[in-house]
1. Which pairs turn up if I take residues in the stretch 13-33 that are over 13 Å from Gly80 (Cα atoms) and look for partners that are part of a helix (DSSP H, G or I) with beta carbon separation below 6 Å, at least 6 apart in sequence or on another chain?
2. How about the stretch 68-85: which of its residues are more than 14 Å from Ala16 (Cβ to Cβ) and free of Cβ contacts under 8 Å to residues at least 24 places away in the same chain?
3. Does Asp5 count as farther than 14 Å from Ala79 by Cα, of a type in the set (D, E, K, R), at pLDDT below 90 and in a helix (DSSP H, G or I)?
4. Residues of the stretch 37-83 being polar (S, T, N, Q) and at pLDDT 90 or above, which ones?
5. Looking only at residues in the stretch 36-86 that are over 15 Å from the mean Cα position of the chain (by Cα), assigned to a helix (DSSP H, G or I) and hydrophobic (A, V, I, L, M, F, W, C), which one is surrounded by the most Cβ atoms within 10 Å (Cβ to Cβ)?
Amino acid sequence: MDLSDAREDLAVAGAAAVGAIALTLGLDLIAGIPVSTPARIAPVVVYFAYLFTRKGGPYGSFDTPRTWTILVVAVTVAAGGYAVAT
């Protein structure tokens, strides 16, 4: 594993961790809005999809860590919206 690959993985993993923590702390504990377990782990599921779909290559133009990080943020916002709506 190259150091640049580790940095890319760390960026996506960090976004997933922050998303999961934000859902748990921000909504459930601070705002008092119950968040289901599947909604809480949704950002982490995106990270695992990132890990297991990036074996080998070649990668498309949209298969970048930046795109996966944006997807993590979008899934986190969607899970938060779902928790607020239900």
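The values are calculated or read from the model by the stated rules, or taken from the named source; none is laboratory data. Predicted, not measured: the structure shown is a model, and the values here were computed from it. Cβ: placed from backbone, ideal geometry, glycine included. Neighbour counts: every protein chain shown.
1. Ala13/Tyr47; Ala15/Thr69; Ala15/Val72; Ala16/Pro43; Ala16/Val44; Ala16/Tyr47; Ala16/Val72
2. Gly81, Ala85
3. Numbers: farther than 14 Å from Ala79 by Cα: yes; of a type in the set (D, E, K, R): yes; at pLDDT below 90: yes; in a helix (DSSP H, G or I): yes.
Taking the combined requirement at face value, the residue satisfies it.
4. Thr37, Thr67, Thr69, Thr76
5. For the stretch 36-86, the residue satisfying everything is Ala83.
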